[in-house]
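Taking it in order: structure first as structure tokens, then the write-up.
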Amino acid sequence: MRMDHTQAPVLEALAAYQEGKRLGFSPPGHKHARGAAPEVRAVLGDAVFFGDVLASGGLDDRRTRSGVLQRAEQLMADAVHAEHTFFSTCGSSLSVKAAMLSVAWHGEKLLIGRDAHKSVVAGLVLSGIEPVWIDPRWDAERHLAHAPSAGAFEQAFQEHPDARGALVTSPTPYGSAADLAAIAEVCHRRGRPLVVDEAWGAHLPFHPDLPSWAMDAGADVCVTSIHKMGSGLEQGSVFHLRGDLVDHDTLASRADLLGTTSPSVLLYAGIDGWRRQMALNGRALLTGALELAARVRQEIEGIDGMHVNDRADFCGPGAGTEFDPLPVVIDVSGLGTSGYRAADWLREHHHIDMHLVDHRRISAQLTHADDAETAGRLLTGLRDLARTAHTLGPAPEMVLPSPAELRQPQVCLPRDAYFSATEDIPVEEAVGRVAAEMMTPYPPGIPAVVPGERLTEPVLRYLRTGIEAGMNVPDPADPLLRTVRVRADGEGP
């Protein structure tokens, strides 16, 4: 039965709640903004508080008999060709953990691309799942990773036939996408599920010129962040289910176990409204975004000292198979400075915030919200940067490991290392010790060090020189890595 995508059940119920002038003697305590501080109301606006109501006993009755959220989730599933959809107000960091815990548990194996987000590693710590790391396809020249190949998963399953399933990240924050159909075939031939962390792919189902959408490519569970490439609010996430390799009730139970008991109706409304927007107008909106991205890419390529990474850079042998052009990744090494300094200069002098930043790149994430005005401001800032870059000084030297040096041996479960007795030691003494914490350059949030890995000199040198050059590594106990948290001597192998 064809569903009516002009409906937005959460938004409509919220409008009815407001029109009904309901009086709540329940949380939230600001009581429709009346109790909020005037200074807070002046900054946030009362609309934020008017939309902040209880999901049950507010937006819906106490037993949710109107099925507001259920209908919104059904509409989302229909829009993206899934069988079931779950809304989350705790971000894809929660959604991916729920998916992992529905496939494997303590001591069981899961094949995982080593370019996974730190939320996946957090899931390993919480669950005790044993990761079988699958090497990404490393671009040694550009020093970045693309998703692992189907052949790498095939080989890993042959070596670990007891693995419960596989998890791959696609597309990457750089716009490079995996061959999901081929990876799904490898999994399904063995009756194993494929989980796709597609946090950067919320827009993919709505335009044919974008990389394949995970549900269409055969994934069993797909996790998507509505706030990244969609129009939802921060922390708005959905995860989708197809087939019978992952049990629906188990997935729902895991999400309930991890999720908040106080979900934000504001986030539900953002997800619901974005689905309607995309279902009705997504193709036209994304066509405009793709055309704008093509023009912006061409203009940036004409700026001396800048190169925009494109399909030729990110696709083909040893790289991704499909390409999303909306993340505009700009190599600024030709300017004689680092991405860190370039991004800081743009923020200070043009009030422009870039997304991905590393030793040689900055990234401008374009969406359907951008237009000629925002693109023009970006181009003006970049041209000014090119004229001024000589004043920023040379890029501080970072010692970058080879792909082979990036992989450290995993000697125990991440959970066991994280919850072991630990000690903080000078970084100079850390080589050979077992890490008890994550060390994650951010963004994009892919850990360089995972708990349970034996620390090596090349990786520690990379992180220390990176921090000195401007890299942000926020999650260790000492973000400057003067000291490192390791498993105490005598704890395990």
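Read-outs throughout are calculated quantities, based only on the coordinates presented, and are distinct from any laboratory measurement. The structure presented is a predicted model; accordingly, all values stated were derived computationally and were not measured. Reconstructed Cβ throughout: ideal geometry from the backbone, glycine too, with neighbour counts over all protein chains shown.
Apply the a/c threshold of 1.5 to the C-alpha gyration tensor of the range 188-313 and tell me whether it is rounded, prolate or oblate.
Prolate, because a/c is 1.5 or more and a/b exceeds b/c.
Within the range 100-195, what percent of beta bridges assigned by DSSP are antiparallel, to the nearest 5?
Rounded to the nearest five, the antiparallel share is 25 percent.
For the range 1-50, what is the charge dipole size about the Cα centre, in debye to the nearest 20, if Lys and Arg each add +1 at the Cβ and Asp and Glu each add -1 at the Cβ?
Taking the Cα centre of the range 1-50 as origin, the dipole is about 160 debye.
Put +1 on the Cβ of each Lys and Arg and -1 on the Cβ of each Asp and Glu in the chain; which of Pro136, Ala421, Cys222 then has its Cα farthest toward the positive end of the dipole?
Looking along the dipole axis, the top candidate is Cys222.
Only Cα pairs under 8 Å and at least 6 apart count here; give the relative contact order of the range 68-256 as a rounded whole percent.
Computed value for the range 68-256: 26 percent relative contact order.
What translational diffusion coefficient, in µm²/s and rounded to a whole number, does the Stokes-Einstein relation yield for the range 68-256 at 4 °C and a viscosity of 1.567 mPa s, taking the hydrodynamic radius as the Kirkwood radius over Cα pairs?
80 µm²/s
Give the Rg/Rh ratio for the range 403-487, taking Rg as the radius of gyration of the Cα atoms and Rh as the Kirkwood radius, to two decimals.
0.92
How far is it, in nm, from the label point at Glu185 to the one at Thr374 when both lie 7 Å from their Cα along the line to the Cβ?
Once both label points are built, they end up 3.8 nm from each other.
So what's the net charge close to Val246: Lys and Arg +1, Asp and Glu -1, counting the other residues with Cβ under 11 Å from its Cβ?
-1
Would you calculate, for the chain, the mean residue ellipticity at 222 nm contributed by helices, counting each DSSP H stretch of 4 or more residues as -39,500 (n - 2.57) and dividing by all residues, to the nearest 500?
It lands at -11500 deg cm²/dmol.
With unit charges on the beta carbon (Lys/Arg positive, Asp/Glu negative), name the residue among Ser95, Val431, Ala33 whose Cα is farthest towards the positive pole of the charge dipole of the chain.
Positive-most Cα among the choices belongs to Ala33.
Note down the magnitude of the dipole of the range 309-403 about its Cα centre, charges +1 on Lys and Arg C-beta and -1 on Asp and Glu C-beta and zero elsewhere, to the nearest 20 debye.
300 debye
Antiparallel DSSP bridges in the range 68-256: what percent, to the nearest 5?
Beta bridges within the range 68-256, antiparallel portion: roughly 50 percent.
Using only Cα atoms, figure out Rg for the range 241-381 and give it as a multiple of 2.2 N^0.38 Å.
1.35
Run down the lysines and flag those whose C-alpha is under 26 Å from the C-alpha of Lys109, throwing out any fewer than 8 positions away in its chain.
Leaving aside lysines fewer than 8 places away in the same chain, those within reach of Lys109 are Lys97, Lys118.
To the nearest 20 debye, what is the magnitude of the charge dipole of the chain about its Cα centre, counting +1 on the Cβ of each Lys and Arg and -1 on the Cβ of each Asp and Glu?
Magnitude of the dipole: close to 940 debye.
May I ask you to derive the relative contact order of the range 290-336, considering only C-alpha pairs under 8 Å and at least 6 residues apart, and to give it as an integer percent?
Reported as a whole number, the value is 44 percent.
Run the numbers on the chain and let me know its relative contact order in percent, using alpha-carbon pairs under 8 Å that are six or more apart.
14 percent
Just to be sure I follow: if Rg is taken over the C-alpha atoms of the range 362-405 and Rh is the Kirkwood radius over the same atoms, what is Rg/Rh?
Across the range 362-405, the Cα-based Rg/Rh ratio is 1.18.
When only alpha-carbon atoms count, how far does the range 1-147 stretch along each of its three principal axes, as whole angstroms with the largest first?
59, 47, 34
Quick one: compute a quarter of the convex hull surface over the Cα atoms of the chain and quote it in nm².
Result: a mean projected hull area of 24.4 nm².
Looking only at the chain, where both bridge partners belong to it, what percent of the DSSP beta bridges are antiparallel (to the nearest 5)?
65 percent
Based on the Cβ-Cβ distance from His5 to Glu159, what FRET efficiency comes out when R0 is 60 Å, to the nearest 0.05?
0.85
Please list, in order along the range 190-202, the HN-Hα scalar couplings obtained from phi with the Karplus expression 6.51 cos²θ - 1.76 cosθ + 1.60 (θ = phi - 60°), rounded to whole Hz, x for Gly and Pro.
Going residue by residue, I get 9, x, 10, x, 10, 9, 10, 7, 10, 4, 8, x, 4 Hz, with x marking Gly and Pro.
Please give every one of the aspartates and glutamates within straight-line cross-link reach of Lys31, meaning a C-alpha to C-alpha distance under 18 Å, and leave out same-chain neighbours fewer than 8 residues apart.
Glu19, Glu39, Asp46, Asp52, Asp60, Asp61
So what are the ³J(HN,Hα) numbers for the range 451-462, from phi and the Karplus equation (6.51, -1.76, 1.60; θ = phi - 60°), rounded to whole Hz, Gly and Pro as x?
x, x, 8, 7, 5, 10, 5, x, 6, 5, 5, 4
Between Val486, Ala372, His359, whose Cα lies farthest towards the positive end of the dipole of the chain when Lys and Arg beta carbons carry +1 and Asp and Glu beta carbons carry -1, centred on the Cα centre?
Value: Ala372.
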